[in-house]
Structure formats: C-alpha cells, structure tokens
Amino acid sequence: MDLTVLFEQYPYLREAITAAAVIFVNLCALFILIAAKRERRFDDRHWIRESRGYMLVCGDQAYSLGAAEVLIGRHPAADIRFPDTEISRFHALLSLSDGQWRIEDIGAQNGVLVNGRRIHKPCILHQNDAITIGKRRLIVVKGAEGRD
Amino acid sequence: MARQRPDLDISAPRSMQRAGKFTGLLLLLFSAALVYLAWTLVTKSPYYMAKSGGTTYGKVLDRSGDVLFDGTQSLSNYPAGQFADVGSLIGDTSGQMSNTIVARNIGELANYSFLYGNGGTTLLNTTLSHTANKTVWNAFGAKNGTAIAYNWKTGEVLICLSKPCIDIAQGYANLDSMPSGSLLCKAFYPTVPGSTQKVSTLIAAYEKCGIKKVNALEFSCSGSWVNASGGQINCHLSSGHGMQNLSEAFANSCNPYFAQLVQSEMLPLSALIETYTRMGYSVNGEEAEPLTMDGITIPAASTTLTDKNEFETQWGALGQGKTLVSPFQLMLWEGAIANGSGSAIKPYLLSSKTDTDGNVTKLGGLKPTAQMFSAEAAAAVRDIMTENAANHYAWAFGSRRCGVKSGTAQVRTDGKEYENSFLTGFCLDDDCPVAFCVMIEERTSSDVSAPQIAGTLLNAAAAALAE
Amino acid sequence: MAARRAISHPFLLFSVLIAHAVMLVLVVLSFGVTHEVIKLACYVLAADFFGSVLLQLVQREACTVDTVLLLVLGMSTIYQSCFGGLAFASKHFIVGMASFFIAQLSYLLVRNPYTAEKLKPLWYTMFFGLVGAIIFLTGSRSMWIDLGFITLQPSEFVKPVFVLICASSIGTQLRKSEIAGFHFVPDNLMLIFCTAVIAGLQWWCRDLGSLPTFVAAAGCGILLRFCYLREKVSVRLTVFLAACAVALVIAAWNLAPAYVQERLHTDIWADMSGSGYQQVKALTAIAEGGWFGKGAGNGTLINVAASRTDIVFSSICEEWGLFTGLMTIVLVLFLPASVITVPPRSYYHSGLAVGVAAVFMVQMALNIFGSCNLIPFTGVTIPFISQGGSSMLSSGILAGFLKAAQAPVLTNRLAAQKKGGR
C-alpha cells in the first residue's frame, strides 16, 4: 500500500487529513467538556444525597452547608458568621462524614448547646435539632429542592 | 414541627470557591502565554529557518526590478560589478556584515512561510535606483567617500553608496587586502561634519533670537579671531572676509563669524544645547536615541559643548573637533529644512515584500520624525541655503532650485591629517524633491568636487523619479 | 431526572477510541499498513477498551479526569512511537498504563479528605525518606537511583508527597501551639520547613530545574491558607504577597550560582552549536513542521538529545504540526481545569487540587516555554507526554488527587459508599 503517489498527486491531501484528525480529536475534547458540565449537576445531586440536603436556619436567615467542613464564629473567615460578643472568633465546626453532620466545640468560651445540652465531644446532628451559640439559635433544616 | 423550609442551597463557602478561581487564574495565565508562544513561533519562524540555514533566500530588487542581492543562485552568474556599489548597504547572507538590509531583515528574505514551508522566491523591493547609484559611484572617480539621497516628500531612499565597497560576488577570500571601510556603509556612521554643522548652529540661533535679529547680525573677520579665553579660531581665508552679515558669512562659511555668534550674549549655551538635543545630538555624553532605517542602526550625532567662551566648544559648534554626525542624519535635517516644517519624513529603503505565495506586503510608508526644530527656523534656513546655492553653485546645478551648505572636515587619524569635503542640501524642484549629502574623503583641490558629484546625483535622481 | 443524567460514559470512552483511531489513520498514511502499525493500533485501542471496562467496574464517577487521562496517554504513545520512524514505544506504553492504574490507587488513598489529612505524619515520613534516599542513594548528586532493570528518580516522587503536605484543612489551621508566647500552627511551620529542605536539596544537587515546581506548590499552599482564614483577601495583602513573589524571583535571578546565571543569559542564536543547540534545533523543527507537520515519522529532531523528554513539544510539532501540539497541551490542561467544573467539597481536597494544578502547569510552562526560548531552558518534563518512568508515575499519582477532589468519599462504610456511588 503506497500512498506517496497519492500525496504527490494532491499536494494538500495530507494537510487536509491532518486537519480533519485534529478536528476529530477536538470533538472528543468537546464531548469531555460537555460531560464535565453534566458531571457538575451529577455531583450536586450526589452532594445533596451525601449531605442530606441539610441547611442551618437562624431566624429568617438560611445558611448553606456546601462543604464538608463549615466554620461558625465571629471571625471574618467563618463560613457562618455572627458579630455577637458572646460568640468566640472560632466557635464551632460542623463536619460531614459517614453521611452525618457532626458539630464540634472548638474552644468556644460560652460553649455549644445542642437541644439545650452543652456538648463536650463531637455530636451528631439530626433534622430539627436546635443549636444554641451565644444568643443565636440555629435549626437544622432540610432544604426544599426546587423542581425544574 | 412546621418550620419554614428554605430553598436548598449547596454552594460551597466563599473561602473554598477561591481554590477554583485561583486555578482558573493560573489556567488563564498559562493560556495567554500559550497564545503568545504560538504567535511568536508563527511570526518568528522565518527567522529561525534563516538562522539555522534551513532555508534559501530570495532576491532584493531596486525600484525598477534590477537585482541587488540574489539568494537563489550564485552571484557570479551576474555580470561583473553588478553588486559592486551596494555590497555594504544591501549586504548578503554570509553573516560577515551585520548592519545591512539583508542581515537586519534576514527573516523577511527567507523563502519560507509557516503554512507552506520552504519554496518559491521572496522578493524584497527597495526604493533604491541602481542606475542612479552607479552613475554617482562613477562620478566619484578614483576618490572614496559616500553619497546618500532621498525623496524628502515620500521618504524613498534613491541613492546610497559608500566607497570603497566590497563586491559580494567576489566573496571574502581576500578580506585582509581589502581597503579599510569596505564592509560598512559610511553614510550610516558619524564622522566630523565640517562646516555643514553651521546649519545646526544657525538653527539654534534662529530659534533663540528670532529670524530678523540673526539675519541682521554683523561680525567682522580678519582671517583669524581670538576668543574670550584666548583661543584662536582661524578662517580658511587667511586674508579675512571683513565685516559681513549672516547671509554672506554663511556663503563664505566664515569660522570667526560663527565663533563670535556662539560666544555672543544673545545665544546662551543652554539654548544651543537644547536645540542640538532636539535635533538628535548626544550632547556632552547624554544618551541620544540612535536612528534606524529598515532595521539598520545609525548611531546618533554627538558633540561636546561645555563653555561658550572656550575654543573646544566653539570649534565643536563649527563642526570640527569632537563633533560627529553621520551623512544620513545630515540628509535627514535637510529633509526637514526642505519641507519647511522642521520635521522630516523618515527615509526608508524597503518598499514592499512579495512573499513566496505572491502576496505583496507594503513595508515602507510616510512616517514623520519628531519636531526637530521650529518651522520658522526651517523656512529661514531654507532661504539662506537657496540663496547660497543660487549665488555660488549655479555652475553645478544649472537651473535647479537648490539649497546647499558645503563643509570641510579636518580629520586627524593614525597620525595622518587630511580633509574630507562635504556638501549637504536639497532640491526644491517638483521633478526632483531630493535631500542629499555627499562626502569625498581626503579631497585635494585637483580632485572632483562635492558640488560636481551633487549635480550628477540630482540629475540621476530626477531621472530615476521620472521613470 | 432523566434530563440531568451525565453523558453516557461508554459513549464518552467510545469517542476517545475514535479519536485514537483517527490518529492511527494518520500513522497509516505515513507508513502504510505494516506489522508495527498494527501492533501500535492494537495496543492503544485495547488500552482504551480495557481502561473503559475497568472504569465501569470500579468507579463510575469523575469520568473527566479518567477520560482525559486515557485520551492523553493513548495520544502520547502514538507520538512517542512515531518520532523519527515507527517503533512501538512499549516502555512508554507500559509506564503509561501503570500510571493510569496508580492514579486509581492514589484516588482510593486520598478520596477521603479526613483520612488523607490524618495520614500527614506518614506523608512527612515519606517526604524525609525520599529526601534521605536522594542524599544517600543517588550517585554523586545525579538524583537517579539505578536499580539495574529500571532507573528511578526519587525527586519526581517527592512532588506528589509534597502536594499532600501543602494541602491543609481549616480544622488543622485552627489548631495552634504556643512556645514562649509565640502562637503558631504546627502544620504551617512544617510546610515552610519542608520547602526549605527541598530547596536546599535542589541547590545541593545543582538541579534547580524543578525548584520552581516546588516553590509554586508551596506558594499555592500558603496562599490558600491565607484565603481560608480571610473572608476577603485585602488589597494590601495581595500587593504584599505579589511583592514578596517578585522580590523572591529577582533575588533568585541575581543570586543564582554561576552555572544558572550562564543559562539565564544565553543567547541561543549566538551559540547555535554549543549551549543553544537543543533550543535552536527545537525552534527550527517547529518552523519546519508548520501548522500541519511533516507527517508522522518524518521528523529529524530524534537525533537531538532529549527529543522525547525536554523538547518533546517541538518533536510533536515537527511531525504533527503546531496545531496538534497546542491541542495536546490544551488537553493536558483539561486535567487541572476539572477543579473549575466540579468544585471540591473539602478544604484538604481543594488544597490538593490547586497544588496539582500548580505542579502540572509550572512543569509544562518550564518545558514548553523553555524549549521555545521564552524563558531559560531547564530539563523538566510535560506530564503524560514526555518519556520517563518516574515522572509518568508521579504524574499519575497527582492525577489521582484531582480525581479525589472530583469525587470525594466522606465515609468509610462500604454500604454508604455504594449508595453514594450510584
């Protein structure tokens, strides 16, 4: 099978085929991009399942639990931040593992209360549990999923 | 417990979202660098090919298609002397000369394009007139020197030659026995300009004191003159010119007159330095931007002006001693005087490129220089110079409306003393809008004179422009 | 939620197979159907097939990283097999497949961010173990360990371990110790110490080529620590950090030893047969290749040293064209870009992902821009493209980290894992 003759006959044949191949590989890359975009939605669903769709509600304000670790405190770095003096700068840490949210006191002066009881070791959270931090009362709530 | 159920929000905390943003920033930077790389590779690839010897080269042509350099075949295929007058200007691909058209535009000349690779012939079209160049070359006779001329209306360089000059068709085998200066085009290298410098000094005086005041200024000359610090300025006419006004002194090229002008109270040294600097001189070692033309570098003019009562400073302002100007720059100033604006059109040699696919790219064009001096000064100097030409050089230029300034540079090198003869000027005729500079090395009174060569040059240039 | 289903994985992997097949057609156009071409085609396509099957069986998530990995590995096998004539690059292929497996293993190791971070003492031990191996086992500062059948470059394996050290969670950042009234985070102190150790080691080995890689990873680690503890990163802090980085680069530039200085100020076109030889050849090869290349197997760069590693970008561009070369680089960039499409859900994983992105991108930048004379030329490799066992395997480990950030597992229970994985 000798193709050199063919190439000599059509000088730009090889370039054309190369370009076609490149376009094809790019097409594959495009599929991967689309897949990655869909995967994000897939990942969101996965996360909702994993995190049970829990959120924290304090009065009218709702706070998302979008990561495996969520920091509560007065410090600007805290994910859930309250400017109250009764609340320590780094007050409590919520973490997700084994499909369950745990709350941990990380050196808070006034402590962390779950359902009115002060905790001393990480405590598993359930739906409608009330967390008291300083004067704030946070309720664990399952978020309502939008239908679209 | 019937609590309100908030809409589900699973967005990650802001502090963690930064990780994604940060990666995005890195990716963006990388992609930008990649685009820059691709652009560099595509645009520089002819240069890479040229440097690595992986390509052949095309031809350099003059304005009528005559070959000035040919990379596609042996130069010995051409008639003898074909390249004798342009070797040091156009150059070749041997790498022996670095400040030539070919060396500075080697990537442009490569027979190569990124899309199609090697093949075909690239043509670099220049504005030079080979016929005119050869005519002027022959006019030099046995003398060495340089001549450069350009169309001050369009910027096209018509004539540029430097004698002695290497014949690139002969190669470099007998490099050692070649006369010195064969490998460089003297039009681009600063040299002592002689009295052509008085044009610059006059411009400074006009700018500082006003036209009328300077034109009415009278000084006397008795053949020599002793300045405030005791230094003696000699005139070339030992019997002296007597009392003269500016126009006469300019025509006489009287040294004592201009030395007194420099020393006079009306022209402070700072004004002289300011005008010189604006014109492109490097004064007292201050950095000055070198000039360029199609990649060729032309070092800036330089002079030393320290104390206006000192001999050294006055001598410098008269164009002797430490003052150095390239013929190219002299010609450029003439261009700015001829158009009466104080800003010249930049000279160029490469007009267009025809690439291997036959596409023509325009390379040169109308580009003005910065304002080098005021339009009033330019117009006034133009009048003085045309008057000078009409009164004293009609024998050389016939009916042409020209303006010129002559000069004689006293050069001392290697224990040898000689005089270089200059003539710089312009022609205002519509058929020959040319600014030029001619320099004859080691001229004695029996040799061909600069005005004679200039006359030939103007006729040749007019013929080239009429084509 | 049928509309929200991810793109079918078999379909995606099938498109990878087709992409490789099209590239193999190009190889056939150059060489005809020979024994060697069939061998190459069989191996590459079989790898795609079995790779897909493996992914279907083991882990169906985070297909982006795995798919890109399969695509890039197959492409690089085809490239490496064709340089200067066809010869199936069996070693490259085997190491590539090993790297694909090791990516899955490293994924399994670090997919749980809590466990991965709890293992930090192990990472420190490995780090110092590797550093010790470099000092004591490699012959005369060469950084290579010769095991007879294979030569290992321990400094390559330091990279993934170092990335594991660079990443940190917010919980760790809150744990402060106090000595003499001075509060500090032990984790941060260790990171700075490890960075100093690795920098000193590189200096001692006179191999400053991969120093920027480590500095970039450490820099990203430190920067993320700042970001985690600040709601807003103030302009002042940003300016301060930028100034520090610039000062560091300038200091490094000026204080670099003589042999580095020489490299920084080399004009390759002035010394085309000496120190600039490789780069001149590399740039000329790209110019000769043009947009569409000379065709597979028609390159001449193979005669230049390091044509399969340090100047591999030019080798690809020469035979396949600049278009293909750039596209290959963009495909490798898909790996770190996966962090943007699916954001990590834990601090430790996001630290890992940014660290890997920094390592990959700095390595590629040093290699590509270095060989093309935009920055000084250093001998580093492009992940998954360059030939080289150690670098390929360590890149595989790093890719596994990316996958972990995409599909974290926050549980240790098997049942929950299966449920989550569906």
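The values are calculated or read from the model by the stated rules, or taken from the named source; none is laboratory data. On a predicted model such as this, the values are computed, not experimentally measured, just so you know. Glycine gets a Cβ as well: all are built from the backbone with ideal geometry, and neighbour counts include every protein chain shown.
Could you grab me the full set of residues in region A:51-90 that are β-branched (Val, Ile, Thr) and within 11 Å of chain B (Cβ to nearest Cβ)?
Selection gives A:57, A:70, A:80.
Pull up region C:70-117, narrow it to residues that are in contact with a strand residue (DSSP E or B) (Cβ under 9 Å, 6 or more places away or on another chain) and in a helix (DSSP H, G or I), then point me to the one that is surrounded by the fewest Cβ atoms within 10 Å (Cβ to Cβ).
Ranking the candidates gives C:114 first.
Only one of (1) more than 30 Å from residue C:262 (Cβ to Cβ); (2) assigned to a helix (DSSP H, G or I) fails for residue C:210. Which number is that?
(1)
Scanning region C:200-223 for residues that are more than 14 Å from every other protein chain (Cβ to nearest Cβ) and in contact (Cβ under 8 Å) with a residue 60 or more places away in the chain, which turns out nearest to residue C:349 (Cα to Cα)?
By that ranking, first place goes to C:210.
If you take the residues in region A:59-111 that are under 15 Å from the mean Cα position of the chain (by Cα) and of a type in the set (D, E, K, R), which one is farthest from residue C:115 (Cα to Cα)?
Here the answer is A:79.
Within region B:310-408, considering only helices (runs of 4 or more DSSP H) that don't extend past its boundaries, which have at least 3 residues that are within 21 Å of residue B:300 (Cα to Cα) and within 18 Å of the chain's Cα centre (by Cα)?
Result: B:327-338.
If you go through region B:67-98, how many residues are among the polar types (S, T, N, Q) and within 14 Å of chain C (Cβ to nearest Cβ)?
1
Report those helices (runs of 4 or more DSSP H) wholly inside region B:126-227 carrying at least 2 residues which are of a type in the set (Ser, Thr, Tyr) and closer than 27 Å to residue B:449 by Cβ.
Of the helices (runs of 4 or more DSSP H) lying wholly inside region B:126-227, those with at least 2 residues that are of a type in the set (Ser, Thr, Tyr) and closer than 27 Å to residue B:449 by Cβ span B:130-139, B:198-209.
Identify, from the list A:48, A:34, the residue that is modelled with pLDDT of 80 or more, in a helix (DSSP H, G or I) and facing chain B (nearest Cβ under 10 Å).
A:48
Residue C:77 fails exactly one of the following numbered conditions: (1) over 30 Å from residue C:175 (Cα atoms); (2) modelled with pLDDT under 90. What is the number of that condition?
(2)
Please find, among B:186, B:163, the residue that is more than 30 Å from residue B:381 (Cα to Cα), crowded, with 20+ Cβ neighbours inside 10 Å and of a type outside the set (Val, Ile, Thr).
Values: B:186 fails: more than 30 Å from residue B:381 (Cα to Cα).
Selected residue: B:163, the only one of B:186, B:163 that is more than 30 Å from residue B:381 (Cα to Cα), crowded, with 20+ Cβ neighbours inside 10 Å and of a type outside the set (Val, Ile, Thr).
Out of B:174, B:144, I need the residue that is free of Cβ contacts under 8 Å to residues at least 24 places away in the same chain and either more than 14 Å from the chain's Cα centre (by Cα) or at positive phi (or both). Which one?
Checking each option against the conditions leaves just B:174.
Given the conditions (1) crowded, with 24+ Cβ neighbours inside 10 Å; (2) among the aliphatic types (A, V, I, L, M); (3) within 25 Å of residue B:13 (Cβ to Cβ), which single one is not true for residue C:392?
Single failed check for residue C:392: (3).
Given the options B:106, B:159, B:166, B:101, name the one that is within 14 Å of chain C (Cβ to nearest Cβ) and out of contact with any Pro (no Cβ under 7 Å at 6 or more places or on another chain). Working first, answer last.
Details: B:159 fails: within 14 Å of chain C (Cβ to nearest Cβ); B:166 fails: within 14 Å of chain C (Cβ to nearest Cβ); B:101 fails: within 14 Å of chain C (Cβ to nearest Cβ).
Of B:106, B:159, B:166, B:101, the one residue that is within 14 Å of chain C (Cβ to nearest Cβ) and out of contact with any Pro (no Cβ under 7 Å at 6 or more places or on another chain) is B:106.
Looking at B:88, B:64, B:76 in this structure, which one is polar (S, T, N, Q), in a helix (DSSP H, G or I) and within 24 Å of residue B:464 (Cβ to Cβ)?
B:88
Being surrounded by fewer than 17 Cβ atoms within 10 Å (Cβ to Cβ) and under 19 Å from the mean Cα position of the chain (by Cα) narrows it down to one residue among B:213, B:153; which is it?
B:153
Residue pairs, Cβ under 6 Å, 6 or more apart or interchain, first in region C:336-352 and more than 8 Å from chain B (Cβ to nearest Cβ) and at pLDDT 85 or above, second surrounded by fewer than 24 Cβ atoms within 10 Å (Cβ to Cβ) and outside any loop (DSSP other than H, G, I, E, B). List them.
Hits for this filter: C:348/C:117.
For region B:277-303, name all the residues that are within 30 Å of residue B:124 (Cα to Cα), in contact with a Ser or Thr (Cβ under 9 Å, 6 or more places away or on another chain) and outside any loop (DSSP other than H, G, I, E, B).
Listed by number, the residues that qualify are B:291, B:296, B:298.
Could you tell me how many of the residues in region A:91-103 are β-branched (Val, Ile, Thr) and within 13 Å of chain B (Cβ to nearest Cβ)?
Of the residues in region A:91-103, 0 are β-branched (Val, Ile, Thr) and within 13 Å of chain B (Cβ to nearest Cβ).
Which pairs do you get when a residue that is charged (D, E, K, R), found in region C:119-133, comes within reach of a residue that is part of a helix (DSSP H, G or I), reach meaning Cβ atoms under 8 angstrom, with the pair 6+ apart or on two chains?
C:120/C:164; C:120/C:165; C:120/C:187
Which of the numbered conditions does residue A:19 fail, given that it passes all the others? Conditions: (1) within 12 Å of chain B (Cβ to nearest Cβ); (2) more than 23 Å from the chain's Cα centre (by Cα); (3) buried (at least 18 other Cβ atoms within 10 Å of the Cβ).
Unmet for residue A:19, out of (1) within 12 Å of chain B (Cβ to nearest Cβ); (2) more than 23 Å from the chain's Cα centre (by Cα); (3) buried (at least 18 other Cβ atoms within 10 Å of the Cβ): (3).
So how many residues does region B:263-276 have that are closer than 14 Å to residue B:206 by Cβ and part of a helix (DSSP H, G or I)?
Residues that pass the stated criteria total 5.
Among what's in region B:67-81 and is surrounded by 15 or more Cβ atoms within 10 Å (Cβ to Cβ) and farther than 30 Å from residue C:301 by Cβ, pick the residue that is farthest from the chain's Cα centre (by Cα).
Checked region B:67-81; the qualifying residue farthest from the chain's Cα centre (by Cα) is B:75.
Filter region C:308-327 down to residues that are over 19 Å from the mean Cα position of the chain (by Cα), buried (at least 24 other Cβ atoms within 10 Å of the Cβ) and among the hydrophobic types (A, V, I, L, M, F, W, C), then give me how many there are.
3
Could you tell me whether any residue of region A:112-121 is within 14 Å of chain B (Cβ to nearest Cβ), under 19 Å from residue A:139 (Cβ atoms) and assigned to a strand (DSSP E or B)?
No, because not a single residue in region A:112-121 is within 14 Å of chain B (Cβ to nearest Cβ), under 19 Å from residue A:139 (Cβ atoms) and assigned to a strand (DSSP E or B).
For every residue, the table says whether it meets (1) part of a helix (DSSP H, G or I); (2) facing another protein chain (nearest Cβ under 7 Å); (3) surrounded by fewer than 17 Cβ atoms within 10 Å (Cβ to Cβ).
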| residue | (1), (2), (3) |
| --- | --- |
| B:16 | yes, yes, no |
| B:20 | yes, yes, no |
| B:27 | yes, yes, no |
| B:31 | yes, no, yes |
| B:36 | yes, no, yes |
| B:41 | yes, yes, no |
| B:50 | yes, no, no |
| B:60 | no, no, no |
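Modelled with pLDDT under 90 and either within 20 Å of residue B:19 (Cβ to Cβ) or aliphatic (A, V, I, L, M) (or both): does that describe residue C:397?
no
Does residue C:314 meet the test of being within 11 Å of chain B (Cβ to nearest Cβ) and modelled with pLDDT of 90 or more?
yes
For region C:249-285, enumerate the residues that are more than 14 Å from chain B (Cβ to nearest Cβ), touching a residue at least 24 places away in the same chain (Cβ under 8 Å) and in a helix (DSSP H, G or I).
C:259, C:260, C:263, C:264
Cβ-Cβ distance below 7 Å, separation of 6 or more or different chains: which pairs start in region C:290-312 with a residue that is within 19 Å of residue C:27 (Cβ to Cβ) and in contact (Cβ under 8 Å) with a residue 60 or more places away in the chain and end on one that is of a type in the set (Val, Ile, Thr) and not in a loop (DSSP other than H, G, I, E, B)?
C:296/C:27
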